[in-house]
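What follows is one structure encoded as structure tokens, with my remarks underneath.
Nothing in this text is a laboratory measurement; each read-out follows from the coordinates by a stated rule. The shown structure was predicted, so the numbers you read here are calculated from the model rather than taken from an experiment. Glycine also receives a Cβ, built like all others from the backbone with ideal geometry; neighbour counts cover every protein chain displayed.
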């Protein structure tokens, strides 16, 4: 009878010690940590795909705002723009051709240097200059509009990238939070089992 009781006590002590040592050297929270590592790995990959668009959009905001600010005063904007105007070589070529034709006509009619021919020559030159300036301005405004559109597209792409990054961060936060909870829960359970095994070991002595 006593022999059986002693045997049971010995088995209880061995079992309690075994449970304690098992809980001490095993980590049931490791799968959660592995899951967190994988989530972090794929999050980093997804973030790397979206960050260039976000960075591009962020970089475009400053130049775009600067252009909008310059255009807030249309008269000043056009004056500043026309301050960069230079007559094209083609306009100068047309003026030279027109002047030669006018001189030839005036010479043939014996009116070279007369007021009507001089006025006509000046009007023709002014028309050529006006058309050249108008063409330059239209091209400059077209380039300006293209630049504005380009910056808008870059900002739009950056906004999309920022939205995607926010979604990725939200999902990562939710998943990491769930895994962290599971990890803490597993560690607490493991600690409780280890303490219970240790108590069983000593109580069984």
Least to most buried among 135, 109 (fewest other Cβ within 10 Å first): 109, 135
Residues 143, 61, 128, 168 arranged by fewest to most Cβ contacts within 10 Å: 143, 61, 168, 128
Stretch gain in nm, segment residue 123-residue 168, where the contour uses 0.36 nm per residue and the Cα spacing is subtracted: 9.5 nm
Percentage relative contact order, region 83-164, counting C-alpha pairs under 8 Å, at least six apart: 34
Inter-label distance for residue 133 and residue 56, nm, one decimal - labels placed 7 Å from Cα along Cα-to-Cβ: 4.0
